[in-house]
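Presented below is the structure to which this report refers.
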Amino acid sequence: MLSQILYALPFLAQGFALTLWVSLLVVVLSLIAGVILGVGLVYGPAPLRWAVRIFSDTIRGIPILVLIFFVYYGLPAVGVHLQSFWAAVLALTLFKTAQVVEYLRGAVASIPKGQSEAAMAIGLTFRQRLVYVVFPQAFRRFLPPWINGVTDAVKGSALVSLLGITDLMQAINQVIGRTYEAMPLYILGALIYFAVNYALSYASRRLEQRFAFIRD
Amino acid sequence: MANSSNNSPALLDIAEVSKSFGSVEVLRSVGLQVAKGEVVTVIGPSGSGKTTLLRCVNFLESYDSGSIRIDGKEVGFRDGGARQRRSERDLAGMRAETGMVFQGFNLFPHLTAAGNIMLGLTKVRGKSTSEARAAAEHWLGRVGLAHKADSLPAELSGGQQQRVGIARAVAMEPKILLLDEITSALDPELVGEVLAVVRSLAEDGMTMVMVTHEMAFARDASSRIVFMADGSVSAVGPPKEVLAAETTNERLRTFLARFRASHF
Ligand SMILES: Nc1ncnc2c1ncn2[C@@H]1O[C@H](COP(=O)(O)OP(=O)(O)O)[C@@H](O)[C@H]1O
Ligand SMILES: [Mg+2]
């Protein structure tokens, strides 16, 4: 049994690499898109605010599995054909973006109005107020839910196996298919996911401590 | 120190400013001129529009009609009288000419005392980090906090935080300083250290408009006192006149009587 698992390790490692790659893409893309849309939601003109609000509420109202199938099987109907890998990345990114929008909105809303006003009073422009006063403070509130969301993304990436992509989950299933060693392999898989997310949580706690400049 | 603005052109010229929040008229044709070097104290009952007036002066709040000029330049609207709001960049530039100290301090909690002061100096005034640091240390020295340059706001007492707030405002070398009840959030024993700083700035000729309930301080430190009631200037004059117990202004007399009853 052990030798079979050892034999399968390189294959599992490939799956693991793909899991990390999908997660990384989703996390980075959703962070960029989410922050841009989130700023639009908080500070933008009314039409933009409505558009972002509708986007975010809609996406968050759909189970992620449905979103993945919708992007993969639904978009071709309107002429958009994506490889399963990119369909999965797009679906997960849309899902995460909607979350990032909410984290950002919440984080910015938690900064007292007096902070922006004090920044205005010394003559900072809108962009400067965001960069030097609002965001550095909002970052601290943004971080904990966002890191939680990152661990979600790593776990959620297991769903891409449903599109036949050989991520860690799919690799494990295939090895089980060959070896019939279900229990040890699922345990191994669980340990790997746990290790990644534990490392992320640990990093986030360290970061939070580093940014704990406000007494509250 | 100038006692009257009649003979010198006003540094701050507020003319017929009116403002409503919804259907509530908060400022009713307010007029006030402040000459360079004057310390004008605004008193009046809660809700009379003192804070709103101050916020209009650096355009944290817009107003519906009238004009507010500093050194002849309209603060919030473009020159030419069309009541076109200034661009964001222009507004920022105008606001840098007025300093504001807030009741709740509003220090930036993620920056040290020196960092709070340096932000505007580097990003708005374009000073180098070392110039800004030197200026920050100078002003922290002026408010008696040279040793707290590297402390975060959370590590300072309320009185110390407010002194940093004052240093942050004056380090920008504004033409005029606006102070809105800057001691109201402080424990009584910390009020004195903050007022002492204000007094020393006044002695240096800093032009100030100050809202306060510290009547003794208003009497001693002001060139003039403005009494606001229901959104308009109800009385204005030298402290001795405005605070005189035998004033004929009914509302002022009621205010002062109530004030004395509750504060002495
Ligand atoms: N942002 C606002 N929206 C609506 N009403 C306001 C707002 N700010 C102040 N007011 C109202 O305007 C009036 C004057 O307020 P304010 O200028 O704060 O008075 P003061 O500083 O003299 O106590 C009050 O009736 C207050 O409720
Ligand atoms: Mg007030």
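The values are calculated or read from the model by the stated rules, or taken from the named source; none is laboratory data. What you see is a predicted model; the values in this text were computed from it and never measured. Cβ: placed from backbone, ideal geometry, glycine included. Neighbour counts: every protein chain shown. Just the protein is used for accessible areas: all its heavy atoms, side chains included, with ligands, DNA and RNA removed. Shrake-Rupley method; radii C 1.70, N 1.55, O 1.52, S 1.80 Å.
Condition test on A:Ala121, is it open to solvent by less than 20 Å² (accessible area, probe 1.4 Å) and free of Cβ contacts under 8 Å to residues at least 12 places away in the same chain? Answer is yes for this residue. Consider segment B:20-75 and keep the residues that are of a type in the set (Lys, Arg) and under 15 Å from B:Met228 (Cβ atoms). The one that is farthest from ligand 2 (Cβ to nearest atom) is B:Arg28.
So, B:Gly22, is that one farther than 24 Å from B:Gly237 by Cβ, surrounded by fewer than 13 Cβ atoms within 10 Å (Cβ to Cβ) and away from ligand 1 (no atom under 16 Å from the Cβ) or not?
Criteria not met by B:Gly22.
Checking B:Val198 against (1) more than 13 Å from the chain's Cα centre (by Cα); (2) crowded, with 20+ Cβ neighbours inside 10 Å; (3) away from ligand 2 (no atom under 16 Å from the Cβ); (4) within 30 Å of B:Ser29 (Cβ to Cβ), only one condition comes out false. Which one? Unmet for B:Val198, out of (1) more than 13 Å from the chain's Cα centre (by Cα); (2) crowded, with 20+ Cβ neighbours inside 10 Å; (3) away from ligand 2 (no atom under 16 Å from the Cβ); (4) within 30 Å of B:Ser29 (Cβ to Cβ): (1).
Just to be sure, is B:Gln103 in contact with a strand residue (DSSP E or B) (Cβ under 6 Å, 6 or more places away or on another chain), polar (S, T, N, Q) and open to solvent by 30 Å² or more (accessible area, probe 1.4 Å)? For B:Gln103, the condition - in contact with a strand residue (DSSP E or B) (Cβ under 6 Å, 6 or more places away or on another chain), polar (S, T, N, Q) and open to solvent by 30 Å² or more (accessible area, probe 1.4 Å) - is met. Of the residues making up segment B:184-195, those that are surrounded by 16 or more Cβ atoms within 10 Å (Cβ to Cβ) and either among the hydroxyl-bearing types (Ser, Thr, Tyr) or away from ligand 2 (no atom under 16 Å from the Cβ) (or both) are B:Leu190, B:Val191, B:Glu193, B:Val194, B:Leu195.
Note on segment B:159-183: residues that are within 16 Å of ligand 2 (Cβ to nearest atom) and more than 14 Å from chain A (Cβ to nearest Cβ) amount to 1. Within segment B:39-55, the set of residues being open to solvent by 20 Å² or more (accessible area, probe 1.4 Å) and either more than 6 Å from ligand 1 (Cβ to nearest atom) or part of a strand (DSSP E or B) (or both) comprises B:Pro45, B:Arg55. For B:Gly115, the conditions (1) within 11 Å of another protein chain (Cβ to nearest Cβ); (2) touching a residue at least 40 places away in the same chain (Cβ under 8 Å) all hold with the exception of (2).
If you go through segment B:127-154 and keep only what is within 14 Å of chain A (Cβ to nearest Cβ), of a type outside the set (S, T, N, Q) and open to solvent by 60 Å² or more (accessible area, probe 1.4 Å), you end up with B:Lys127, B:Asp150.
For the residues B:Asp220, B:Asp204, B:Asp187, B:Asp180, the requirement of being within 16 Å of ligand 1 (Cβ to nearest atom) and either modelled with pLDDT of 95 or more or more than 23 Å from A:Glu117 (Cα to Cα) (or both) singles out B:Asp180. Residues of segment B:61-100 that are surrounded by fewer than 20 Cβ atoms within 10 Å (Cβ to Cβ) and within 16 Å of ligand 1 (Cβ to nearest atom): B:Glu61, B:Ser62, B:Asp64, B:Gly66.
Within segment A:131-165, if we keep just the residues that are within 12 Å of chain B (Cβ to nearest Cβ) and open to solvent by less than 50 Å² (accessible area, probe 1.4 Å), the residue that is farthest from A:Tyr73 (Cα to Cα) turns out to be A:Val133. Taken as a whole, segment B:212-220 holds at least one residue that is exposed (fewer than 14 other Cβ atoms within 10 Å of the Cβ) and aliphatic (A, V, I, L, M). In the condition set (1) more than 14 Å from chain A (Cβ to nearest Cβ); (2) away from ligand 1 (no atom under 14 Å from the Cβ); (3) not in a strand (DSSP E or B), B:Asp13 is compliant with all but (3).
If I ask for residues that are charged (D, E, K, R) and either within 15 Å of B:Glu181 (Cβ to Cβ) or in a helix (DSSP H, G or I) (or both), which ones from segment B:201-240 would you list? Residues satisfying the conditions are B:Glu203, B:Glu214, B:Arg219, B:Asp220, B:Lys240.
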